[in-house]
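Presented below is the structure to which this report refers.
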Amino acid sequence: MGSRYARIAGLGQYVPPHVVTNQDLARLVDTSDEWIQSRTGITERHFVEGDEATSSMAARAGCEALATAGARADEVDLVIVATSTPDYPLFPSTACLVQASLGLTRAGAYDISAACSGFVYGLITASQFIATGAYEHVLVIGADALSRFVNFEDRSTCVLFADGAGAAMLVASDTPGGLLSFVLGADGTGGEHLIVPAGGSRRPPTAETVGAREHSIHMNGREVYRFSTTVPADALRRAAADAGLAVEDLSLVVAHQANVRILQTVARNLNVPEDLFFRNVERFGNTSAASVPLALYDACAQRRLKPGALVGLMGFGAGLTWATAIWRWHDLPSNP
Ligand code: UT7
């Protein structure tokens, strides 16, 4: 068999209908539209309601990616869901729920836990299955419902995080392209800077952990900011160099949409124009594993990804984790 390349043949996007503006949050905590916009660039975000959960968002995004790629459900070999907010804390995995919901009868299914880097970790993992010739169709989804784990009395976190899902249908191709190089990284010594302290095997749920709000996100914003503006930029530079490129050779960088200030600072640190970094954080907030595929979808919709384009992908977040990749775009999926 000749070389096999992973082609993104379809993208999918889903955010819940419930929109929460900065003004809405200002009615809950001591904050303002002006503070949120000037520190983060966010103006509104979407939150799940009622029965909605990570798997229901993931399935909707996955369904669109599958349809756009023109792939049948029973052709999918594997579904990988990157998430930190699975429907159930232990099992079944969110990928299994999506597998059932979409009727992916032949597919293996598992979750990846790498926080906001998860989708890029997933895309890189999926590409290996295709490059080895093992699989032809792999569905990769990034989905999170962080609003379920935010303390709405903590103004330093509740204005940042939000919900959504994005998906990419990878199909094996003989045409060179797809993943050219990547860097996966982690620094577990920084784990405490962005953490949900209870609910796992170290501190299982008790009345005390619930009362102390230990099931919600605790963040050292300044440390996370310092990390986010330095380490991932270096990893992007290294991934580009591994592909024989410089960052300025890229036609677009689709990075984790945490915050506009982070994206601006990363661009400055890399000595490239700000608009090399795609932005849609203003409408969606920080959707964790969903943010890179939500941004890829919008970049595609805005025709920012031309056939043959060299695209930088960059995830970074809790763990601490980061993942960067250089991707050669094959052609435009017919959506959105
Ligand atoms: O996927 C990665 C996820 N994490 C991130 O993206 C977070 C990275 N960190 C950041 O982006 C920034 O650190 C924040 C946006 C979280 C905070 O911005 P900052 O400029 O670093 O603010 P700060 O933490 O230095 O706080 C400045 C002030 C404080 O008041 P005092 O102590 O100076 O009186 C905060 O209490 O801003 C206050 N503050 C707020 N004020 C109004 C914090 N949150 C808010 C808020 N509204 N929502």
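Computed about the Cα centre, the dipole magnitude for the chain is approximately 520 debye when only Lys and Arg (+1) and Asp and Glu (-1) carry charge, each at its Cβ. Taking Gly319, Gly122, Gly50 as the candidate residues, the one with maximal mean-square fluctuation in a Gaussian network model of the chain, Cα springs under 10 Å, is Gly50.
All alpha carbon pair distances within the chain were sorted into 10 Å bins beginning at 0; the resulting P(r) in whole percents reads 6, 28, 37, 23, 6, 1, 0. When Rg and the Kirkwood Rh are both derived from Cα coordinates, the Rg/Rh ratio for region 179-328 amounts to 1.04. Of His256, His193, His18, which is the most mobile in a GNM of the chain whose springs link Cα atoms less than 10 angstrom apart? Answer for the Gaussian network model of the chain: His18. For the chain, the antiparallel share of DSSP beta bridges with both residues in that region comes to about 70%. Our summary of shape: the Cα atoms of region 5-176 have principal axis extents of 54, 33, 25 Å, ordered from largest down, in whole angstrom. Among Asn269, Asn280, Asn259, the residue with the largest mean-square fluctuation in a Gaussian network model of the chain, with springs joining Cα atoms closer than 10 Å, is Asn269.
Counting Lys +1, Arg +1, Asp -1, Glu -1, what net charge surrounds Leu180 among other residues with beta carbon under 15 Å of its beta carbon?
Values: positive: Arg4, Arg7, Arg237, Arg238, Arg328; negative: Asp242, Asp249.
Once positives and negatives cancel, what remains is +3.
Here, each number is a calculation from the coordinates, and none is a lab measurement. Keep in mind the model is a prediction, meaning the values are calculated, not measured. Here the Cβ is made from the backbone with ideal geometry for all residues, glycine too, and neighbour counts use every protein chain on show.
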